[in-house]
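**Q** Quick one: structure below, then a few questions.
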Amino acid sequence: MELELECLVDVSGTAEWRRRKAEQYPEDARNIKAATLLDTLAGNLVELEGSSLHRQLIDLWKENDAFGEVVSEELRSVGFYTFPDTVDELLTDIIERLQA
């Protein structure tokens, strides 16, 4: 694979960002809950390394100028507007949005 999945979809980095937001806004419990959900998803991301979802994301990364923006928006929405049960669901949502 050309790029590791975590490089394409930085779930762990977004979890860290949410933890910083939780410190900045301690009255908003959604940030820490989102960080926890993102941590869980990030822990399962390695299982999809080399998968068809990974290959689709690489193809979309190559051809879609808005790739980074879309991925960032989708990751920031986790725990606030979206609540994926699995990392497969998260990646599928990202792929569907990029293909729209």
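**Q** Please state the charge dipole magnitude for region 15-100, taken about the Cα centre, from unit charges on C-beta atoms (+1 on K and R, -1 on D and E), reported in debye and rounded to the nearest 20.
**A** Working: 10 positive and 18 negative charges, 61 e Å.
Value, rounded to 20: 300 debye.
**Q** Another question about this same structure. Using only Cα atoms and rounding to the nearest 10 degrees, what angle (0 to 90) does helix 11-24 make with the longest principal axis of the chain?
**A** It works out to around 20 degrees.
**Q** Please report the Cα spread of region 1-89 along all three principal axes, rounded to whole Å, starting with the longest.
**A** 41, 27, 18
**Q** Something else: In debye to the nearest 20, how big a dipole does region 45-90 give about its Cα centre with +1 on each Lys and Arg Cβ and -1 on each Asp and Glu Cβ? It would help to have the intermediate numbers written out before the result.
**A** Values: 3 positive and 11 negative charges, 16 e Å.
It comes to approximately 80 debye.
**Q** State the percentage of accessible surface on the chain attributable to carbon and sulfur atoms; use a 1.4 Å probe and exclude ligands, DNA and RNA. Walk me through the numbers before you get to the answer.
**A** Details: 2770 of 5740 Å².
For the chain, the apolar C and S fraction of the accessible surface comes to 48 percent.
**Q** If you place +1 on the Cβ of every Lys and Arg, -1 on the Cβ of every Asp and Glu, and leave all else neutral, what size is the dipole of region 1-54 about its Cα centre, to the nearest 20 Debye? Intermediate values should be presented prior to the final figure.
**A** Working: 6 positive and 11 negative charges, 74 e Å.
Magnitude of the dipole: close to 360 debye.
**Q** Averaged per residue, what accessible area in Å² does the chain show with a 1.4 Å probe, protein chains only? Intermediate results must be reported in sequence, preceding the final value.
**A** Numbers: 5740 Å² over 100 residues.
Per-residue value: 57 Å².
**Q** Let me ask you something else. Using +1 at the C-beta of Lys and Arg and -1 at the C-beta of Asp and Glu, which of ALA35, SER12, TRP61 has the Cα lying farthest in the positive direction of the dipole of the chain?
**A** Projecting each Cα onto the dipole axis, the largest value belongs to ALA35.
**Q** Using a basic spin-label model with each label point 7 Å from the Cα along Cα→Cβ, how many nm lie between THR36 and THR82?
**A** Between THR36 and THR82, the label points sit 2.1 nm apart.
The values are calculated or read from the model by the stated rules, or taken from the named source; none is laboratory data. Remember, predicted model here, so these are calculated numbers, not experimental data. No Cβ is skipped: glycine too gets one built from the backbone with ideal geometry, and neighbour counts run over all protein chains shown. To get the accessible areas, we keep the full protein, side chains included, count just its heavy atoms, and leave off ligands, DNA and RNA. Shrake-Rupley method; radii C 1.70, N 1.55, O 1.52, S 1.80 Å.
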